[in-house]
Amino acid sequence: MTSEGQSAASTSAMSIAELRGLPAAFPFAKVVPAAFGISRSAAYRALAAGELPFEPIRIGRKLIVRKTDLLHALGVAEPEAK
C-alpha cells in the first residue's frame, strides 16, 4: 500500500483546537486513534492491554469516551468558561 492510500487520521495527531472542539462524549474508534496519532488497531490493542490512561464507557457494543478524560490523558487544559 502506498502512503497515498493511508488515512491521514491514522498517522497524525489532532490539534489542540480540534480536541477542545470535540463534543462532551464521542465514540472511541472515531476520535481516540486520531487524537493519539495512532492507527485504530493500535488504539484497540492499547485499550486491551490497559495502556490507555482512561477507561471508556461501554454502552452495549459501543465504547464512549468523555472529552474531559481524553484531554486530561493528553495533558490538554480545558478552555475556561466565558
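Quick note: the coordinates plus some simple rules give every number you see, no bench work behind them. Quick caveat, the model's predicted, so the values are computed rather than measured.
List, largest first, the extents of the alpha carbons of the stretch 8-74 along their principal axes, each in whole Å.
Cα spread of the stretch 8-74 along its principal axes, largest to smallest: 29, 24, 18 Å.
What full-extension length gain, to one decimal in nm, is calculated for Glu51 and Leu22 as 0.36 nm per residue of separation minus the Cα-Cα distance?
Details: separation 29, 0.36 × 29 = 10.44 nm, distance 2.25 nm.
Length difference between fully extended and current span is 8.2 nm.
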